[in-house]
Amino acid sequence: MAPITASRALGLPIGELSRLSGVNIETIRYYERIKLLAAPRRTEGGHRLYGRDDVRILAFIRRARELGFNLVEIRALLDLGGPGKASCGDVRKIATRHLHDIRAKMSDLGKLERLLSRTVARCTGKTAPDCPVLDVLDTARTPRPRGRSGIRPS
């Protein structure tokens, strides 16, 4: 069991922790199970009690998730010492990798948008046998030769 420190002594129940941090109760329990959040002290009746650091860590995790960091990246950030303690250089390395991933996803989404836009533009909205959107979505449809863009020509 974690020692009772000034930060753990607050004694917030899980519902209050959820309200203060903006993190769902089941998500808090999940973060405890995967050890992203330290196990809290418990009352004699088994109820979890949390402190100010737990609120801060959960808010940090929530915000990192909003920015698209995955749990592995968040764990790495927390392992560096957590909010207010980590080396900026180490954090920068993780954030730079994440930024690269975001830019790659944006590029992929741009390609997807162009493909779907061209496909929808070719769709007359009339008969299903000649629907370019269905041709792109349903690989089991009668295959027709594809152009360089991956869209079957009309």
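Tabulated results
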read-out	value
Residue under evaluation LEU10, criteria (1) crowded, with 17+ Cβ neighbours inside 10 Å; (2) over 17 Å from the mean Cα position of the chain (by Cα); (3) of a type in the set (A, V, I, L, M, F, W, C); (4) not in a helix (DSSP H, G or I), criterion not met	(1)
One residue from ALA86, ALA76, ALA64 being within 17 Å of the chain's Cα centre (by Cα), closer than 30 Å to LYS105 by Cα, modelled with pLDDT under 95 and surrounded by 13 or more Cβ atoms within 10 Å (Cβ to Cβ)	ALA76
For TYR31: the one exception among (1) surrounded by fewer than 17 Cβ atoms within 10 Å (Cβ to Cβ); (2) without any contact (Cβ under 8 Å) to a residue 40 or more places away in the chain	(1)
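The values are calculated or read from the model by the stated rules, or taken from the named source; none is laboratory data. The structure displayed is predicted, hence computed values, not measured ones. Cβ sites come from the backbone with ideal geometry, for glycine too, and all protein chains shown count toward neighbours.
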